[in-house]
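Structure, as structure tokens:
The values are calculated or read from the model by the stated rules, or taken from the named source; none is laboratory data. The shown structure was predicted, so the numbers you read here are calculated from the model rather than taken from an experiment. All Cβ positions, even for glycine, are placed from backbone atoms using ideal geometry, and neighbour counts span all protein chains on display. All accessible areas refer to the heavy atoms of the entire protein, side chains included, with ligands and DNA or RNA removed. Shrake-Rupley method; radii C 1.70, N 1.55, O 1.52, S 1.80 Å.
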Amino acid sequence: MDDRMTWAMPQTNPDPIEDPIERSIRAGAFRDAIALCARMHGAPLGRLCMAMLGSQAEAEECVQEVLLAAHDAFPSYRGEGTVRAFLFGIARRMCARRLEMRGRRERRLRLVHDADAPSSDPEGLLEARREAEKVRDALERLKPSERDAVVMRYQGGLEYREIAAACGIDEPAARKRVSRGLARMKELLSEVER
């Protein structure tokens, strides 16, 4: 065999830390793969959908639709990027469609902010709600592409490469969107303080 050809040959040893979801997809065990997706990525998907849609019920419904869409797409899954980025890409598109259908005047982003608030401090809770409302208003005023990137990074906990894969852009562009979004939010929040 020619030495120049050996470097291009695919590796035959599977990665010992291989993603069990990808292994299930390759094996054609799509039900197992979607069950693993729900278990491993359901909560972060729910947080992303909640942050984008503002309704717990709608977010839960959207996560179910994301998992169904992913199940349907598994036969053509190419493994470019992580499964998590693949799922978040589907979720981002589904949320965008829902927001578009809902209409601009009804669009209100809701973040889960009361979960950690102590119920014995009503003044603290009221202040936390006011701050959350300011952040929601600032998020709503961002460009949709920047808002998506900021929410995926800080609500979904995605890495920049995963944001890039979910948005169909390269990693430097994902970093730039997050950076611009944060800078614009700081600007908007400082305007409110004045």
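General observations
- Residues in the range 24-86 average 50 Å² of solvent-accessible surface per residue, probe 1.4 Å, ligands and nucleic acids excluded.
- In summary, the range 130-194 shows an alpha-carbon radius of gyration equal to 1.12 times the 2.2 N^0.38 Å reference for compact globular proteins.
- Among 143-154, 83-94, sorting by the average number of other beta carbon atoms lying within 10 angstrom of each residue, highest first, gives 83-94, 143-154.
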